[in-house]
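Scroll down for the structure; my scribbles are underneath it.
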Ligand SMILES: Nc1ncnc2c1ncn2[C@@H]1O[C@H](COP(=O)(O)OP(=O)(O)OP(=O)(O)O)[C@@H](O)[C@H]1O
Ligand SMILES: [Mg+2]
């Protein structure tokens, strides 16, 4: 009999689509059991806030049913203005003393009222020899925003055992499946936001969410070509021929991608200014927006770094006949966060 690994179902609720992933631990690697996505109506999730729980709930339950996922233990992640991640440096303490200190003192580090947020923290492995101080990663998330997700999932009779942060889930899956330890910038470009997370010596040292993303392209195309959103999305994805609009479309792509690359360069420059002796080796791209034709090469030219389109499935075992390699490679970038949630186990 297969020993139960207790891995959770990863559910990434983005502004464009819900992504779900179910894995099974097999020896030192993972077996991909199920993976898929379902588009959400525009406005159902905005700035990381669940605006239309009924619509999102409907899409999620249909997706889980389609994928034949029975595991009710799920993990989600949040992002956007309602979550703050902050690194603080404190005197070394035992776990209990640290928990007490943080619940009493967190206010000075977080711009929210403590009654309104869930607080979590983690000691980072950065303690230097001979010092009595250590780094702590402090996370505060608005209860109101998190509770909306928990209530929606509860309505579906799902048991939410993990609420993570997008950037952490991404960091986890990158480190787990790549086994690489060099300094990298993880860049997830979604529909409505870009998340940049720079990992140096194994810890996140710079994390930011920027409100740019692939939906920008759709909006601009819709405006410039005077077509509706769906048609603009088809044009963006190259599903319909461009004909006389080729130049306009190219200009829009160029301008937007230039803006994205400037944001990436800004974050990297800030990191390098603070860590001149820790150069970056690579940029790891994920999210649906990362699939823009030629973007990877453009970022590589502009930054001089090695740019990798992240595919978390390359080292996994895939024996589901519905999942061919080509299909997986196509959906892999936007599945990264869901996969990062799916490698976690339920602790209860
Ligand atoms: N080949 C492509 N070129 C450009 N954009 C693409 C391509 N493929 C998918 N996208 C876009 O990627 C977006 C979906 O990506 P993803 O699922 O990562 O977003 P999301 O997680 O829902 O959004 P967010 O994280 O910003 O809330 C959509 O805007 C979609 O149009
Ligand atoms: Mg996303």
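The values are calculated or read from the model by the stated rules, or taken from the named source; none is laboratory data. Note that the structure is a prediction, hence the values are computed from the model and not measured. Because the Cβ atoms are built from the backbone with ideal geometry, glycine has one as well, and the counts that use them run over all protein chains shown.
Observations on the model:
- Pairing each residue of the stretch 45-56 that is free of Cβ contacts under 8 Å to residues at least 24 places away in the same chain with any residue that is part of a strand (DSSP E or B), provided the two are 6+ apart or on different chains, yields C-beta distances under 8 Å for 51/45; 52/45.
- Residues satisfying the stated conditions in the stretch 280-293, i.e. at pLDDT 95 or above and either surrounded by fewer than 19 Cβ atoms within 10 Å (Cβ to Cβ) or in a loop (DSSP other than H, G, I, E, B) (or both): 280, 282, 287, 292
- Residue in the stretch 236-244 that is loosely packed, with under 15 Cβ neighbours inside 10 Å, touching a residue at least 12 places away in the same chain (Cβ under 8 Å), farther than 30 Å from residue 177 by Cβ and touching a helix residue (DSSP H, G or I) at 6+ places or on another chain (Cβ under 6 Å) present: no
- Of residues in the stretch 130-157 being touching a helix residue (DSSP H, G or I) at 6+ places or on another chain (Cβ under 8 Å) and outside any helix (DSSP H, G or I), the one surrounded by the fewest Cβ atoms within 10 Å (Cβ to Cβ): 156
- Yes/no for residue 218 being surrounded by fewer than 16 Cβ atoms within 10 Å (Cβ to Cβ), assigned to a helix (DSSP H, G or I) and without any contact (Cβ under 8 Å) to a residue 40 or more places away in the chain: no
- Considering the stretch 319-348, the residues that are within 16 Å of ligand 2 (Cβ to nearest atom) and closer than 17 Å to residue 292 by Cα include one that is farthest from the chain's Cα centre (by Cα), namely 331.
- Members of the stretch 319-348 that are away from ligand 1 (no atom under 16 Å from the Cβ) and out of contact with any helix residue (DSSP H, G or I) (no Cβ under 7 Å at 6 or more places or on another chain): 319, 320, 321, 322, 323, 324, 325, 344, 345, 346, 347, 348
- Count - residues of the stretch 295-325 that are under 25 Å from residue 257 (Cβ atoms) and either in contact with a strand residue (DSSP E or B) (Cβ under 8 Å, 6 or more places away or on another chain) or without any contact (Cβ under 8 Å) to a residue 40 or more places away in the chain (or both): 15
- Scanning the stretch 246-276 for residues that are buried (at least 16 other Cβ atoms within 10 Å of the Cβ), more than 22 Å from the chain's Cα centre (by Cα) and part of a helix (DSSP H, G or I) returns 249, 252, 253.
- Of the residues making up the stretch 182-195, those that are in contact with a helix residue (DSSP H, G or I) (Cβ under 7 Å, 6 or more places away or on another chain) and within 13 Å of ligand 2 (Cβ to nearest atom) are 186, 187, 188, 189, 190, 191, 192, 194, 195.
- A single member of 212, 177 is crowded, with 21+ Cβ neighbours inside 10 Å and either touching a strand residue (DSSP E or B) at 6+ places or on another chain (Cβ under 9 Å) or in a helix (DSSP H, G or I) (or both), and it is 177.
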